[in-house]
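For reference, the structure is listed below as structure tokens.
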Amino acid sequence: TIVATLPISRMDLPWWRERFEAKQVELREKHPRLIFLGDSITQNWERRGPPDWADDAPVWQRFYGDRDAVNLGFIGDTTASLIWRIRNGELDGISPKVVVVLIGANNLGRLHWSAEDTVAGIDTINSEVHRRLPRTKVVLLGVLPSDRTAWATETTVAINHTLAARYAHDGFVTFLDVGRVFMRD
């Protein structure tokens with residue numbers, strides 16, 4: 001059994017449970033056309049400074065405010081946490097045109113899940129989205145680079161290489177590796 005593909009709840013964390021419940025209400029009220037699924041990188045688009053560098057909400061509002069977008073990023077989430085959210089109602093009763101998925105970085109933190117396991121978790125997410133939202137397109141973003149460890153860097157490259165090959169000719173998922181934009185030199 002690959003843990004990265006199993007639904008793991010974080011409902012024991014009060015802030016996480018409150019966010020999950022609030023997002024369920026937002027989804028029912030908004031009828032979104034655009035969904036962002038992810039971890040802190042996604043959730044942080046809701047941040048309001050100070051300081052100025054932490055004021056991301058105006059950027060979100062500028063680019064996605066008039067697109068009926070909902071931010072479903074949760075700090076610390078792994079593929080397993082996102083699978084739990086999807087299987088517990090996060091995509092129920094909606095029909096967005098596009099779902100943007102950015103997940104996997106936390107699989108490489110304390111957990112040290114392998115590239116193969118992380119890819120399996122991402123594949124499970126894509127399958128769950130497709131099953132629930134068969135007319136919705138998925139934009140899958142590659143795991144972003146980080147300076148954590150050499151192992152994390154190598155594993156990120158391996159994950160993105162595998163995902164690029166796997167989704168090169170997929171009619172449902174479009175894979176984009178935007179990591180080079182964040183690289184030095």
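Here are some notes:
- Square roots of five times the Cα gyration tensor eigenvalues for the range 62-102, Å: 20, 14, 8
- Note on LYS30: aspartates and glutamates with a C-alpha under 20 Å away, same-chain residues under 8 apart excluded, are GLU18, GLU21, GLU46, ASP66, ASP68, GLU90, ASP92.
- Just checking the listed ones, ASP123, ASP92, ASP147: in the Gaussian network model of the chain with Cα springs under 10 Å, the one fluctuating most is ASP147.
- Built from the Cα atoms of the chain, the convex hull projects on average onto 11.2 nm², one quarter of its surface area.
- Packing, taken as the mean count of other beta carbons within 10 Å per residue, orders the peptides 48-55, 28-35, 107-114 from highest to lowest as 107-114, 28-35, 48-55.
- Largest first, the residues TYR64, TYR167 sort by 1.4 Å accessible area into TYR64, TYR167.
- Summing Lys and Arg as +1 and Asp and Glu as -1 over all other residues whose Cβ lies under 12 Å from the Cβ of ILE122 gives a net charge of -3.
- As computed over the range 128-185, the Cα convex hull volume per residue (Å³): 94
- Mean separation of Cα contacts under 8 Å, 6 or more apart, over the residue count of the chain: relative contact order %: 23
The values are calculated or read from the model by the stated rules, or taken from the named source; none is laboratory data. Note that the structure is a prediction, hence the values are computed from the model and not measured. A quick note on method: Cβ atoms are made from the backbone with ideal geometry, for glycine too, and the neighbour counts reach across all protein chains shown. In case anyone asks, the SASA skips ligands and DNA or RNA and just uses the protein heavy atoms, side chains included. Shrake-Rupley method; radii C 1.70, N 1.55, O 1.52, S 1.80 Å.
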